[in-house]
Amino acid sequence: MSKTHLGHTARKRFGQNFLHDDYVIGQIVSAINPQHEQNLVEIGPGLGALTDPVCDEVEALTVIELDRDLAKRLREHPFNGDKLTVIEQDAMTMDFTELAKTMPVKDKGLRVFGNLPYNISTPLMFHLFSHAACVDDMHFMLQKEVVNRLAAGHGSKSYGRLSVMAQYYCKVMPVLNVPPGAFKPPPKVDSAVVRLIPHKTPPVDVVSVATLERVCAQAFNQRRKTIRNSLKESLTETQISELGINPTVRAEVLSLQDFATIANAVSALEE
Ligand code: SAM
């Protein structure tokens, strides 16, 4: 399979797999449902597979692209006129909260979307969660396995740190599955599109989100261990029991509420 699409040779280090299936592109754009008077932001526009049809629907779109050649090409794209603002930057270093302040529609948050580079998708999700307060919604193409992890409930094999933190910040809705053949070059894995809607009020009360993240990391880094072992740096077995949580279970059976309860107990001890 050729790595060249529309005259551009795909760069593996930038996770470049370009969408070329019009049916799939149409389905993704319908799921995003772009409208006028919204602050739309695309991460990784590439050759414009989603950029062009979204631009057709709205008067303004901001795109963030790391690849200099692609950013240049998008700036020179004749069809976009002056609708498109191209930011040549690593999305991982983008301060989305500051970006939101520069957006034209002042009383609305960002609507972020993109067919993300899979090599950075998990850290990028965590980066975006930290800016969730300025985001109205997100639609992302990801590796299907990552979408499964985002949406997994406790007790499931895919459940982990990403599930707990995603569900703390957002309502997670898988939208559609996409086969490798929809991309050029085709990735080695299946893909899926997910919709994430940040909660206006978090579903559980957490004193410190940083502590919640730390407790999740400790518990899932050693996911085969019981939590009395994986969390022993933070809480004793007795302290876990006193929270009404069985210390002999593994992290994968704990709900978001259980993690919040544990994190709040750790925060109280650290005060
Ligand atoms: N949206 C296009 C499509 O669907 O055909 C391209 C998707 S491709 C999977 C990922 C895009 O993200 C590429 O254009 C790549 O250059 C860009 N990219 C990679 N790393 C990036 C980063 N850290 N920040 C912003 N864009 C990045």
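Considering region 15-126, the qualifying helices (runs of 4 or more DSSP H), each wholly inside and each with 3 or more residues that are within 12 Å of the ligand (Cβ to nearest atom), run over 22-32, 51-57, 68-75.
The set of residues in region 167-197 being within 15 Å of the chain's Cα centre (by Cα) and either surrounded by fewer than 22 Cβ atoms within 10 Å (Cβ to Cβ) or of a type in the set (Phe, Trp, Tyr) (or both) consists of Tyr168, Tyr169, Lys171, Val172, Met173, Pro174, Val175, Ala192, Arg195, Ile197. Out of the residues in region 2-24 meeting the condition of being over 20 Å from Ile120 (Cα atoms) and among the aliphatic types (A, V, I, L, M), tell me which one is surrounded by the most Cβ atoms within 10 Å (Cβ to Cβ). Selected residue: Val24. Restricting attention to region 154-185, the residues that are in contact (Cβ under 8 Å) with a residue 24 or more places away in the chain and not in a helix (DSSP H, G or I) add up to 18.
This table checks each residue for (1) in contact with a Leu (Cβ under 7 Å, 6 or more places away or on another chain); (2) at pLDDT 95 or above.
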site	(1), (2)
Asn148	no, yes
Gly153	no, yes
Ala166	yes, yes
Val172	yes, yes
Ala192	yes, yes
Gln222	no, no
Arg228	no, yes
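Farther than 20 Å from Gly26 by Cβ and modelled with pLDDT of 95 or more: is that true of Asp82 in this structure? No; evaluated as a whole, the condition is false for this residue.
A single entry from Asp90, Asp56, Asp95 fulfils the requirement of being out of contact with any Lys or Arg (no Cβ under 7 Å at 6 or more places or on another chain), modelled with pLDDT under 95 and of a type outside the set (A, V, I, L, M, F, W, C): Asp56.
Answer with yes or no whether Val207 is more than 30 Å from Leu19 (Cα to Cα), touching a helix residue (DSSP H, G or I) at 6+ places or on another chain (Cβ under 9 Å), of a type in the set (A, V, I, L, M) and touching a residue at least 60 places away in the same chain (Cβ under 8 Å). So Val207 fits the description; yes.
The values are calculated or read from the model by the stated rules, or taken from the named source; none is laboratory data. This one's a predicted model, so the numbers in the text were calculated from it and none came from an experiment. As a convention, Cβ positions derive from the backbone with ideal geometry for all residues, glycine included, and neighbour counts pool all protein chains shown.
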